[in-house]
Amino acid sequence: MAVSRNLPPLSSVRSFEAAARHRSFTLAAEELAVTQGAVSLQVRKLESFLGKKLFVRQSRRVELTQAGAQYYEACRRLLGDLEDATSRLRSRDRGEILIVNTLPTIGQLWLMPRLADFTAAHPHIEVRVVTDIRPLDMQADGVDVAIRVGPLAGRRYPRHLPGIDLTLVQRWDGICADYLFDDALVPVMSRRLLEQGGPIDTLDDMLDFPLIHTASRPHAWRDWLHALGATLPPQRNCADYGHFYVALRAAQEHKGIALIPEVLIDGYPGRNELVVPWRPRPALKSAGEYYLLTHGAWAERAAIAAFRGWVLREAAASAAATVGAHEDTASGRDAASRQDATPAPDATPAGDACASISRAHARAQNESFAAAARLP
């Protein structure tokens, strides 16, 4: 007599694992290409099947219960093993699998539109993209390369620069960090809203419009305005949006002005309906940058080296295109005068070996992260 396995529905497990990994039903829905309601329904089905609460719903995010945290670890391992086995069986040859971990919006709007060029040039490399906003743990998460934004370990940033509420990695030991591009926030609004309420010639003009806030950078407007010598005005009927993609959509729908990393704008599908109504001169960079992260122990693997070289070339092209666009609209201003006083970190040439973060900086960053983790 066959024994029936007492297993939960796979669709519910996938929804739970994505929501637990992102600590967000919205980001899980984006990853799975379903609605937030569909994710919520699948999680409720799984909770009913288990007879346990897996999440504590809070106003802006969800947190795992103790049972949820234990179940998530099991689901993460099992789905990872299933994914690996599936990839091996589906592969037509014995090409390499490259696991790329990226923040959701930079992955969707910058990496994915370009990735077809890499896979066409390297058909033997199977690229698997996963998204996450947590501090990276490369070895524990089984990640080959990652794209993250945040302050670099050991680098001192001027206090007036807008902060980034994200941590690059949990532990810097052995991690290689290649500079990709600056995190420069710019205001974005719909052309129609600007036509209806404009013109915007000064910062004060812009602050007459509703401001769109992003939950992943809750202090972005406050810090950005403070760096410009202004104060965040009292806002009425302003909503927080979960991440930059949703904030861009809100701006496109004429709901106000969003503050967005400039590197994300060109890849947004509705970019032709959007406009940057005003930008500071010189450009205002954040206290952190976008980096490609690898581990020195396997940085020389052929697939990783090929991907790293390609990403660095694409990042350089993106930065050059952004500078060129600024020069075209600057009415003859000297481009050098617009550069921030704090230079960007040097990018390691694509053909060279990646240099690891120094041990002293690694220890300092590890101690800082451990101290933060102990806070209530």
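The values are calculated or read from the model by the stated rules, or taken from the named source; none is laboratory data. Given the structure is predicted, the values throughout are model-derived calculations rather than measurements. Reconstructed Cβ throughout: ideal geometry from the backbone, glycine too, with neighbour counts over all protein chains shown. Ligands, DNA and RNA are stripped out before the accessible areas are found, and what is left, the full protein with its side chains, is counted by its heavy atoms. Shrake-Rupley method; radii C 1.70, N 1.55, O 1.52, S 1.80 Å.
Shown here are the Rg and Dmax of the Cα trace of region 96-331, at 18.4, 56 Å.
Between Leu232 and Leu41, the modelled labels are 3.6 nm apart [label points 7 Å from Cα along Cα→Cβ]. Per-atom-type breakdown for region 10-92 gives carbon and sulfur 51% of the accessible area (1.4 Å probe, protein chains only). Compactness check for region 108-196: Cα Rg over 2.2 N^0.38 Å is 1.42. On the basis of the beta-carbon distance and an R0 of 22 Å, Glu83 and Asp173 show a calculated FRET efficiency of 0.25.
Each Lys and Arg adds +1 at its Cβ and each Asp and Glu adds -1 at its Cβ; summed about the Cα centre, region 96-331 shows a dipole of about 320 debye.
Set the Förster radius R0 to 45 Å, insert the Cβ-Cβ distance between Gln139 and Val56 as r into 1/(1 + (r/R0)^6), and round the FRET efficiency to 0.05.
0.95
With Cβ to Cβ distances under 11 Å as the rule, what net charge do the other residues near Gln170 carry (K, R +1; D, E -1)? Net local charge, Gln170 excluded: -1. With distances taken between every two different alpha-carbon atoms, region 10-92 has a Kirkwood hydrodynamic radius of 13.1 Å.
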